[in-house]
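Chemist: Just passing along the structure, written as structure tokens.
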Amino acid sequence: MAKNAKSLKVAKALLLASIDGEGRVDEQKIKEILKELKNQPRSKSLPILKNLLSLVRQKIASYEGQVEIASTNIEDISNILSKSLSDTFNYKIDLLASTNNSLLSGFRLRIGDNVYEDSLHQRINRLQKALT
Amino acid sequence: MSSITDLIRKEIEDLSIDATRTNVGTIITLADGVARVEGLSNVMFNEMIEFPNNVLGIALNLEEDSVGCVILGETSSLKEGDEVKTTGKLLSVPVGKALLGRVVDAVGRPIDEKGAIDSDITYPVERIAPGIIPRKSVSQPLQTGIMAVDSMIPIGRGQRELIIGDRSTGKTTIAIDTIINQAKINKKGLESKDKNFRPVYCIYVAVGQKNSNIARTIKVLDKVGAMEYVTIVSAPAADNPANQYLAPYSGCAMGEWFMENGMDALIVYDDLSKHAVAYRQISLILKRPSGREAYPGDVFYLHSRLLERSARLNEDNGNGSLTALPIIETQMGDVSGYIPTNVISITDGQIFLETDLFNKGIRPAVSVGLSVSRVGSAAQIKAYKKVAGKVKLELAQFRELAAFSQFESDLDAATKARLERGARIVEMFKQSAYNPILVEVQTAIMWAMQNDFFDSIEVSKITESVESLKDYLATQATEICDEIYQSGKLEKENEDKLRSAMEDWKRTLS
């Protein structure tokens with residue numbers, strides 16, 4: 001338990017060191033960290049790497065959103081959403097857009113742990129729940 | 001028809017709102033009914049989590065990098081990588097009179113195939129116990145119908161009385177008898193149309209029990225017509241530990257509804273030893289630090305926060321009450337175990353059942369020396385107090401003298417008389433299961449014992465004579481019993497009537 005807390009602390013410090021001026025994870029810095037960790041004994045580096053992976057994933061997810069759109073012109077909608085989100089959060093958010101026809105209409109956007117959804121599929125589900 | 005269209009219309013109106021935001025996470029490990037979830041950064045402690053396929057869970061461990069959730073359903077459909085989401089709600093159960101006569105699971109879903117529960121009120125499972133100001137001292141009796149208990153260890157409404165003993169010593173029987181007695185009293189009271197009559201509604205929480213035992217309990221309650229006043233919360237041994245952990249809290253929430261609405265309720269937790277074991281299991285899987293006997297550090301709080309929710313509220317707060325009868329199973333009669341001592345210190349007394357007495361045929365096997373009720377005597381009715389006041393002392397003296405008299409060949413008259421009286425009291429207290437006695441009948445029997453009406457009867461025939469007296473009182477002396485029931489007192493003129501009734505009974509006996 002204590003060992004894991006220590007490795008989490010180290011991983012957090014490493015993540016902080018790998019952030020660039022725009023608040024994004026710098027690939028080059030990560031590569032350097034990995035190179036340095038390779039020289040460490042496996043028992044020491046493995047828990048740090050696991051925690052680092054999880055933290056980097058969380059950090060990237062906070063500025064790289066995924067948007068599913070039930071439409072053909074996904075790029076236009078994605079650009080509008082990206083601009084609107086960047087204005088709201090005060091930092092640039094990139095969106096990875098994809099088509100999801102099961103939404104029927106609307107969109108589903110995930111940034112970090114939060115999912116924003118306004119789709120017909122969700123509305124039908126809510127209606128179904130209310131009636132049963 | 002119109003309600004359906006209104007519902008759809010309302011839902012369509014709601015649809016015009018903006019995009020909804022949900023907080024999500026991903027299952028990273030899943031084992032023994034506990035999931036570790038990455039994400040869920042906005043989750044609250046004890047919040048309900050929605051897993052795929054309509055499975056629910058509760059967030060119990062909020063850690064820096066993950067959330068530990070216990071799953072309240074079938075886990076076979078879940079897998080690593082599944083997305084879960086927060087609901088923004090604390091776990092709640094349906095409450096109200098609609099639950100009477102029903103058997104529900106740990107989250108209040110019906111399992112008796114009698115259809116949905118017609119209640120739109122829900123209470124959160126975890127609630128803060130009433131504070132000092134809304135409480136009141138115990139002042140009204142809660143009769144168990146068991147003479148040994150009602151006379152020596154009386155229980156009051158709002159009290160927490162522990163039933164403790166080894167396996168197969170009759171712990172559940174005492175609880176079931178109490179429930180049956182409440183049903184009997186409720187029926188009589190409601191028939192009398194007395195405006196001041198306050199029925200007691202019962203909740204029986206079965207934790208970690210065999211399904212066959214729960215089925216037998218339901219059958220017994222059904223057979224005697226008590227089910228209409230009872231709700232059964234079932235979390236059997238086959239259920240996952242999360243449900244076993246939650247069941248007492250769910251039952252308590254159901255009881256609290258009665259208490260907070262000015263009614264009286266009784267809740268039986270059968271049993272809290274298994275509840276502690278289920279909690280230990282969850283804690284170990286959640287990797288919480290373990291302490292004595294591998295229980296987590298907050299095992300005392302587990303039971304104290306549950307039992308503190310039983311209370312007697314004052315008039316300003318509706319005058320309701322919730323009486324708790326927790327059950328604890330000991331190992332080889334050892335009351336100094338971790339969980340037994342915890343629960344003993346939380347409750348307002350205990351009924352200790354001894355294996356030796358049970359095997360000797362003294363049933364209920366109540367140990368007079370180790371059983372105590374700290375607050376209940378204040379709630380005993382006057383008539384009963386008058387006849388039962390000295391019994392505990394007499395019986396304790398008898399036990400002591402009986403041990404010494406084994407070595408004495410020549411005993412003085414006073415000692416002999418005490419031994420004779422004690423042996424008769426022991427026989428009088430023998431009572432068959434599921435056969436509670438109403439308080440007025442108990443008063444009459446005790447009065448007869450105190451006034452030497454049993455002295456001429458052989459000790460071996462006392463139990464039989466008590467049965468005959470019960471029959472006599474139920475058929476020939478209903479008037480005097482009703483008077484005691486109505487007034488709650490034993491005046492000189494009642495005693496005269498009792499004396500003539502007893503003389504008459506003795507004649508029929510001979």
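The values are calculated or read from the model by the stated rules, or taken from the named source; none is laboratory data. Not measured: the values here are computed from a predicted model. For neighbour counting, all protein chains shown are included, and Cβ atoms are generated from backbone atoms with ideal geometry for every residue, glycine included.
Chemist: Suppose we filter B:N243, B:N213 for residues that are in a helix (DSSP H, G or I), touching a residue at least 60 places away in the same chain (Cβ under 8 Å) and either outside the structural domain of B:K136 (by TED's automatic domain parsing) or polar (S, T, N, Q) (or both); which single one remains?
Modeler: Going through B:N243, B:N213 in turn, the sole match is B:N243.
Chemist: Looking at (1) more than 9 Å from every other protein chain (Cβ to nearest Cβ); (2) surrounded by fewer than 18 Cβ atoms within 10 Å (Cβ to Cβ); (3) within 30 Å of B:E64 (Cβ to Cβ); (4) of a type outside the set (S, T, Y), can you tell me which one A:N101 breaks?
Modeler: Condition (3) is where A:N101 drops out.
Chemist: Which one is surrounded by the fewest Cβ atoms within 10 Å (Cβ to Cβ), of the residues in region A:43-91 that are of a type in the set (D, E, K, R) and under 15 Å from the mean Cα position of the chain (by Cα)?
Modeler: A:R57
Chemist: While we're looking at this one, here's another question. Just checking, how many residues over region A:86-124 are farther than 27 Å from A:V56 by Cα, among the aliphatic types (A, V, I, L, M) and in a strand (DSSP E or B)?
Modeler: Within region A:86-124, residues that are farther than 27 Å from A:V56 by Cα, among the aliphatic types (A, V, I, L, M) and in a strand (DSSP E or B) number 0.
Conditions tested, residue by residue: (1) in contact with a strand residue (DSSP E or B) (Cβ under 7 Å, 6 or more places away or on another chain); (2) assigned to a loop (DSSP other than H, G, I, E, B); (3) more than 9 Å from chain A (Cβ to nearest Cβ); (4) free of Cβ contacts under 8 Å to residues at least 24 places away in the same chain.
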| residue | (1), (2), (3), (4) |
| --- | --- |
| B:T22 | yes, no, no, no |
| B:I27 | yes, no, yes, no |
| B:A35 | yes, no, yes, no |
| B:E38 | yes, no, no, no |
| B:F45 | yes, yes, yes, yes |
| B:N53 | no, no, yes, no |
| B:I58 | yes, no, yes, no |
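Chemist: What tally of residues in region A:50-98 results from selecting those that are without any contact (Cβ under 8 Å) to a residue 40 or more places away in the chain, among the hydrophobic types (A, V, I, L, M, F, W, C) and within 14 Å of another protein chain (Cβ to nearest Cβ)?
Modeler: So the count comes out to 8.
Chemist: Name every residue in region B:430-454 that is of a type in the set (A, V, I, L, M, F, W, C) and more than 24 Å from B:K497 (Cα to Cα), in order of residue number.
Modeler: Answer for region B:430-454, where residues must be of a type in the set (A, V, I, L, M, F, W, C) and more than 24 Å from B:K497 (Cα to Cα): just B:A433.
For (1) of a type in the set (V, I, T); (2) touching a Ser or Thr at 6+ places or on another chain (Cβ under 7 Å); (3) not in a loop (DSSP other than H, G, I, E, B), each residue gets a yes or a no:
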| site | (1), (2), (3) |
| --- | --- |
| B:R309 | no, no, no |
| B:N319 | no, no, no |
| B:I344 | yes, no, yes |
| B:Q350 | no, yes, yes |
| B:F358 | no, yes, yes |
| B:R363 | no, no, no |
| B:L370 | no, no, no |
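Residues checked against (1) surrounded by fewer than 17 Cβ atoms within 10 Å (Cβ to Cβ); (2) at negative phi:
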{"position": "B:G156", "(1), (2)": "no, yes"}
{"position": "B:R167", "(1), (2)": "yes, yes"}
{"position": "B:G170", "(1), (2)": "no, no"}
{"position": "B:K184", "(1), (2)": "no, yes"}
{"position": "B:K188", "(1), (2)": "yes, yes"}
{"position": "B:S192", "(1), (2)": "yes, yes"}
{"position": "B:V205", "(1), (2)": "no, yes"}
{"position": "B:I218", "(1), (2)": "no, yes"}
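Chemist: Let me ask another. Would you pick out the residues in region B:60-77 that are away from chain A (no Cβ under 13 Å) and either under 16 Å from B:T29 (Cβ atoms) or more than 30 Å from the chain's Cα centre (by Cα) (or both)?
Modeler: Correct list: B:L60, B:L62, B:G68, B:C69, B:V70, B:I71, B:T75, B:S76, B:S77.
Chemist: Which members of region B:120-130 meet the condition of being surrounded by 17 or more Cβ atoms within 10 Å (Cβ to Cβ) and in a loop (DSSP other than H, G, I, E, B)?
Modeler: Answer for region B:120-130, where residues must be surrounded by 17 or more Cβ atoms within 10 Å (Cβ to Cβ) and in a loop (DSSP other than H, G, I, E, B): B:V125, B:E126, B:P130.
Chemist: Kindly list the number of the only condition in (1) outside any loop (DSSP other than H, G, I, E, B); (2) within 23 Å of B:K489 (Cβ to Cβ); (3) basic (K, R) that fails for B:K195.
Modeler: Single failed check for B:K195: (1).
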